[in-house]
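Beneath this line is the structure, given in structure tokens, with notes to follow.
The values are calculated or read from the model by the stated rules, or taken from the named source; none is laboratory data. All of these numbers come straight from a predicted model, not from anything done at the bench. Using ideal geometry, Cβ is built from the backbone for each residue, glycine included, and neighbour counts are taken over all protein chains shown. Remember, those area values only see protein heavy atoms, side chains included, never the ligands or the DNA or RNA. Shrake-Rupley method; radii C 1.70, N 1.55, O 1.52, S 1.80 Å.
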Amino acid sequence: MGSSVLDTSVAFLKGAGPRKAVVFKEELGIATYADLVTHFPFRYEDRTKLTPLSELAQKTHNVQFLGVVLSAETLGTTKSRQRFVAHIQDKSGSAALIWFGKTDWLVGRLVPGKVYLFFGKPTLFQGMVQVSHPEFELFSDGTPVNRGLEPVYPSTEKSRKSGLGPMQIGKFVRQVWEQFPVKIAENLPHDLLQRLDLPDRNTALRQVHFPPDEPSMQKARLRLKFEELFMAQMRLLRKRDLRKAQQKGFPFEKVGGAFLDFYKHHLPFSLTGAQEQVIKEIRYDLGSGSQMNRLLQGDVGSGKTVVAVFSMLLALDNGFQSVLLAPTEILAQQHAQSIQELLNPMGLKVGLLTGSTKTAARKVLHQALRDGSLPILVGTHAVLEDVVQFKQLGLAVIDEQHRFGVAQRARLWNKSTPLPPHVLVMTATPIPRTLAMTRYGDLDVSIINELPPGRKPVRTVHRHEAYRLEAYNFLKGQIQEGRQAYLVYPLIEGSESLDFRDLLEGFERLKKAMPEVPADLLHGQMKPAEKEDVMRRFVKGEVKVLVATTVIEVGVNVPNATLMVIESAERFGLSQLHQLRGRVGRGADQSWCILLTGPKLSEEGKARMRIMCETNDGFKIAEKDLELRGPGEIEGTRQSGDLKFKIADLAEDRLIMHHARAEAEALLGQDPELSLEKHQGLKRYLQVREESRNDWSMIS
Ligand code: ADP
Ligand code: MG
């Protein structure tokens, strides 16, 4: 049986027809039998065992239970209030059963003193366990108690209304298997299955829908999750290899004077092991003749800038110019300044081009870029304007990728001929490894997972906002010692005016509490020039306390700022809190972060605060964030459809994911073209997918 049967439209199923086929397609994305067979149950109703009545209270799904009927009667006089109530008990406890609406049929059906087998979903009502509208039948010694695991299929409200609820979907799935006893072709290599002790595809697909028991169901799911993640990794890795093979880049073969001179004589510190490693990776990439497309992840303060500098010096040694793009003017200024300081001893010049660069200075820059006398440019989006032309651009470093769109990337590529520049994207938002593998699986990823020595970790405490005064006193103390502080409010830019009032009130409150301390406001509704001005005065130390919204998030380096107080901290996500906190702890002094929360703090909120107090490790925090919120909600990945899997769950199935990646890498290492006999099933499967689903290649 080939794939043709599985390609049949669901319209041909008995009881479906064209009308239901439309609902299948629009609501559930199901067009063919194959789609239906991979429409996986999201849970199972367990009819394999009995739940003691004393344990009903902990159950949130339908369960089976036995009980002897104590009483059963119709209550309520008026028609609308009428209900049928039965009380049952077993050795462990008791429960109430209740039916509303038409209940005449129940009279006499539940006989006191007799034992029945029930099936239903328990709820707690006024401290009592209650099950409404359970299924039931008289129980005798011969009554089968194990009726298997019943699959529950995902459906939508609209599909349910059009006759495609979980039950009906289940019937159609059954029909496919019964109508066509298909043997679905294997797509994983036999030796891999054997080594990992996984069932074959046909068995797994059958048992995921009709599991004989719990262990087989788990095995089937494991196999299908592995398959899904493995195939995703195969596609990404093959795409990466293809890109590398096809996208030529300028070979930076020389490790020349500038690179070595800086490394040997002018580096003001010794590199951390992680920095060394990453620079090695970049050097290899840049010399390979393929275009580099590398993501550099490293927590705030991990020392990404110097890695960028080494890359730029490699470009220089090979006769190419470099550009570093920053998301804001202040960041561009700070980057330009710190890179210039590093390169001063070598007499190298760093240009700065932003929206506020004056016309005369602009002309000089344009000229120097065109004639090649300026090797390194730092700037904002202003760099992308068409008038900015390079003699020979070879490398673009992008600071913080999620503020940089595809169109802008294209403009950048056009500045370099005949080949595109190498690209190094730096981000301080650590992405959990699992997500990085999925989201950026076809890019090369470098990670700096080590901070320079001697850093004092920020100490974080969590307080109820009733202790705000205490926090203010602490703040006052820091200011008296000559330090600076941030006071942050959760204003999502462009949203509620109520939040805005909180911010202004907070500012007033602070001024009243310490009128002698120079404080100022920073928020998104200010004009860019005003914002820049406030920031500049904070950087200079004229402003001691910055009362701000999240606009400082991707902010600046003010080593003298040693305290951050975050108001209503429960309203921030973990990753965002971590980003904010990264603004302090950048100098030699001990830094602090105080998280204030309101009276309503959920369990999840508490967990977030606890994690923030426990660790400063951005990667750990990102992993926790993934656990708490699920993959769809993580910063910067929300819009990406590539995180949608049919059966795998990135938060839950991390181990499987890592396994799948490793196996995919090993397999491609051994057989990059998939030419071995044992890989033909896999190759066919991937080819069919690649032809029919271009969406995979559209990502990133
Ligand atoms: P980020 O990764 O946040 O961009 P930076 O590159 O700004 O970090 O580095 C933060 C600070 O650490 C800078 O002052 C930088 O000079 C310093 N630094 C970077 N690498 C090292 C190192 N290996 N040893 C000591 N200090 C370092
Ligand atoms: Mg930085």
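A few notes on this one:
- Expressed to the nearest 5 percent, the antiparallel share of DSSP beta bridges inside the chain is 40 percent.
- DSSP loop chymotrypsin sites (Phe, Trp or Tyr not before Pro) with at most 13 other Cβ within 10 Å excluded, longest remaining stretch of the chain: 270-700
- From the alpha carbon centroid of segment 435-513 to that of segment 207-268 is 34 Å.
- Distance between segment 32-50 and segment 581-597 - C-alpha centres, whole angstrom: 49 Å
- Segment 280-297 and segment 98-122: distance between their alpha carbon centers, rounded to Å: 70 Å
- In order along segment 597-606, phi translates into HN-Hα couplings of 10, x, x, 9, 10, 6, 4, 5, x, 4 Hz, rounded to whole numbers, per the Karplus curve 6.51 cos²θ - 1.76 cosθ + 1.60 with θ = phi - 60° and x for Gly and Pro.
- Within segment 404-489, the GluC sites (Glu not before Pro) that combine a DSSP coil assignment with at most 12 other C-beta atoms in a 10 angstrom radius are 481.
- Projected area, mean over directions - segment 257-448, Cα convex hull, nm²: 10.4 nm²
- Stokes-Einstein translational diffusion, segment 313-421 - Kirkwood Rh over all Cα pairs, 1.306 mPa s, 10 °C, in µm²/s: 115 µm²/s
- Rg and Dmax over the alpha-carbon atoms of the chain stand at 31.6, 99 Å.
- Cα-based helix-to-principal-axis angle, 214-246 vs the chain, degrees rounded to 10: 30 degrees
- Linear extension gain, residue 107 paired with residue 512, 0.36 nm per residue minus alpha-carbon span: 138.5 nm
- Stretch gain in nm, segment residue 167-residue 115, where the contour uses 0.36 nm per residue and the Cα spacing is subtracted: 15.9 nm
- Across segment 458-472, rounded Karplus estimates of 3J(HN,Hα) from the backbone phi angles (6.51 cos²θ - 1.76 cosθ + 1.60, θ = phi - 60°) give 5, 8, 10, 10, 10, 10, 5, 5, 4, 9, 4, 4, 4, 4, 5 Hz, Gly and Pro being marked x.
- Dimensions (Å) - segment 49-145, Cα atoms, principal axes, largest first: 39, 30, 19
- Per-pair calculated FRET efficiency, R0 = 56 Å: residue 603 and residue 75 via Cβ, rounded to 0.05: 0.90
- Portion, in percent, of the accessible area of the chain that falls on carbon or sulfur, probe 1.4 Å: 53 percent
- Gyration tensor (alpha-carbon) shape descriptor, segment 303-371, a/c threshold 1.5: oblate
- Distance (nanometres) between label positions extended 7 Å along Cα→Cβ at residue 676 and residue 145: 4.9 nm
- Distances between placed amide hydrogens fall under 5 Å for residue 288 paired with 252, all partners being 5 or more residues away or on another chain.
- Rounded if a/c under 1.5, otherwise prolate or oblate - segment 459-615, Cα gyration tensor axes: rounded
- Solvent-accessible area per residue, Å², over the chain with all protein chains present [probe radius 1.4 Å]: 47 Å²
- Scanning residues 5 or more positions from residue 564 or on other chains, those with amide H under 5 Å from its amide H are 486, 592, 593, 594, with H placed 1.01 Å from N in the peptide plane.
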